[in-house]
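Q: Quick one: structure below, then a few questions.
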Amino acid sequence: MFRNRAQLLPFRIQDGLRVEVRALVTIYEARGGFQLNVESMRQAGIGALYEAFSRLRDKLEGEGLFAPERRQPLPRYPRRIGIVTSLQAAALHDILASLSRRAPHLPVIIYPTLVQGEAAGANIADAIRLAANRAECDLLLVSRGGGSIEDLWAFNEEGVVRAIDACRIPVITGIGHETDTTIADLVADCRAATPTAAAELASAGYVEAQGELLRLATALVAEARRGLQDYMQRIDLLGRRLIHPGERLARLRAEISHLATRLVAGLGRRITSGLADLQRIKARFALSSPDIRFAQRNLDEVALRMRTASSAGLYRHRNRLERLAANLNHLAPHAVLQRGYSLVRKADGSIVNAASQLVTGDSLHLSFGQGEADALVTRLRDN
């Protein structure tokens, strides 16, 4: 394999490394040597691993394990964080360093596990189930540092994937580098590009809250300063308007004295003017005072004339009333009945004034000047 080809490989070639190559086969005829001119190289087993990766991914996707609605929301302010990783992993140091910087108050529980090797998958799944059963934390980070596909293969095993899916605690995965993607990342509630990014996601709520608190504190200080400045200006204004009590009392005394002088002068003028008006009114009354004796004589004469006229009018009205009463008594129905007439009514109370209103057998009621009687029509005669 020529240098220009070897420089493009993503790994270092070492003795004893199992590889798969794509090569141009030639024979050097001069010595009859068999040659392989290697065009590309990859570590042995990567193709099989990728095929297994794709097969498991398609199977789990068909079961709906990657559906967005299955993902649990991350707590904005977790009270305790669990970490599933190796105690010797650099990822653990990165996570703890990030959390101590961003959320130093946050308790951390570590569930140690192998993250590489044949037993790593089962070990990781057991650690996740242990964290879920203990329910000591409300957010779980599953992480390890970068490496080859073989190094990260434990996070592609079905047992680990199903343990993450069954976990009641929200899970953030931070596995490998940003370009590394495992099936555990696909089924987790949230995938971070690196372990450090996973720690940042877990503490994002606290960092945002710190920023918001800082903004609010800055706004509060500014508002307090503005308020203090306003109060200081008001105090200065009120201080300029403030007068010593002694000076204010002296001003009030002077004002009261001035008002008393004006009041006395005004009352004097009002009394003088009132006396002058009273004298004028007395003079006018003296000129227009009535003669009581003359008015008394006129009153006596008018009273005599009224008594005389009243007696004469009363006599005239009494005579007229007596005449009208005599005429009324003469025309009254009872007076007519006293002269021998009678009032005839039918049984229904209607007055009979013609024989044509009656038929033989009618019952009649007769009213006289003295008493009443009932009669029966036995015969009718025409005039």
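Since every read-out is calculated from the coordinates, none of them should be taken as a lab result. These figures come from a predicted structure and were not determined experimentally. Here the Cβ is made from the backbone with ideal geometry for all residues, glycine too, and neighbour counts use every protein chain on show.
Q: Evaluate the relative contact order of the range 336-376 (contact order divided by residue number), counting alpha-carbon pairs under 8 angstrom at least 6 apart; express in whole percent.
A: Result for the range 336-376 is 43 percent.
Q: A follow-up question, please. How many angstrom separate the Cα center of the range 62-82 from the Cα center of the range 112-190?
A: That distance is 13 Å.
Q: Taking a ≥ b ≥ c as the square roots of the eigenvalues of the Cα gyration tensor of the range 225-368, is the shape rounded (a/c under 1.5), prolate (a/b larger than b/c) or oblate?
A: oblate
Q: Please work out the Cα convex hull volume for the chain and give it in Å³ per residue.
A: In the chain, the Cα convex hull volume per residue is 788 Å³.
Q: Normalising by the residue count of the range 3-44, find the relative contact order in percent from Cα pairs under 8 Å and 6+ residues apart.
A: Averaging sequence separation for qualifying contacts and normalising by length gives 42 percent for the range 3-44.
Q: What trypsin sites (Lys or Arg not before Pro) in the range 293-383 are in a loop by DSSP, with at most 15 other Cβ atoms within 10 Å of the Cβ?
A: Passing sites in the range 293-383 are ARG339, ARG379, ARG381.
Q: Loop only per DSSP, at most 12 neighbouring Cβ atoms within 10 Å: give me the GluC sites (Glu not before Pro) in the range 22-108, ordered by residue number.
A: Loop-located and lightly packed - GLU29, GLU63.
Q: Return the loop-located GluC sites (Glu not before Pro) in the range 149-225 (DSSP other than H, G, I, E, B) with at most 16 other Cβ atoms within 10 Å of their own Cβ; answer none if there are none.
A: Filter output for the range 149-225: GLU150, GLU178.
Q: What 222 nm value per residue comes from the helices of the chain, counting each DSSP H run with n ≥ 4 as -39,500 (n - 2.57) and dividing by all residues, nearest 500 deg cm²/dmol?
A: Counting only the DSSP helices, I get -17500 deg cm²/dmol.
Q: Still on this structure, I have one more. I need TYR341, TYR28 ordered by Cβ neighbour count within 10 Å, fewest first.
A: Placing the least packed residue first, the sequence is TYR28, TYR341.
Q: What does the charge count near ARG134 come to, summing +1 for each Lys or Arg and -1 for each Asp or Glu among other residues with Cβ under 14 Å from its Cβ?
A: The answer is 0.
Q: Express the relative contact order of the chain as a whole percentage, based on alpha carbon pairs under 8 Å and six or more residues apart in sequence.
A: Worked out over the chain, it gives 10 percent.
Q: What nm distance separates the two modelled labels at VAL25 and ALA303, each placed 7 Å from Cα along Cα→Cβ?
A: So the two model labels end up 17.1 nm from each other.
Q: State, to one decimal in nm, how far the label point of HIS93 lies from the label point of ALA326, with both points 7 Å from Cα in the Cβ direction.
A: The two pseudo-label positions are separated by 15.6 nm.
Q: Counting other beta carbons within 10 Å of each Cβ, put VAL108, VAL221, VAL171, VAL142 in order, fewest first.
A: So the ranking, lowest neighbour count to highest, is VAL221, VAL108, VAL171, VAL142.
Q: Can you find, among VAL221, GLY268, ALA355, the residue sitting farthest towards the positive end of the charge dipole of the chain, where Lys and Arg contribute +1 and Asp and Glu -1 at Cβ?
A: Farthest along the dipole direction, towards plus: GLY268.
Q: Turning to a different aspect of this structure: Which ordering of ILE169, ILE110 is given by a fewest-first count of other beta-carbon atoms within 10 Å?
A: So the residues, fewest neighbours to most, are ILE110, ILE169.
Q: Then there's this: Using only Cα positions of the range 1-106, each an equal point scatterer, no hydration layer, compute I(q)/I(0) via Debye at q = 0.10 Å⁻¹ and quote the log10 values to two decimals.
A: So the normalised log intensities work out to -0.67.
Q: For the range 3-44, what does the convex hull of the Cα positions come to per residue, in cubic angstrom?
A: So the per-residue Cα hull volume is 93 Å³.
Q: Another one. Between LEU8 and LEU214, how many nm apart are label points set 7 Å from Cα along the C-beta direction?
A: Simple spin-label model gives 4.8 nm for this pair.
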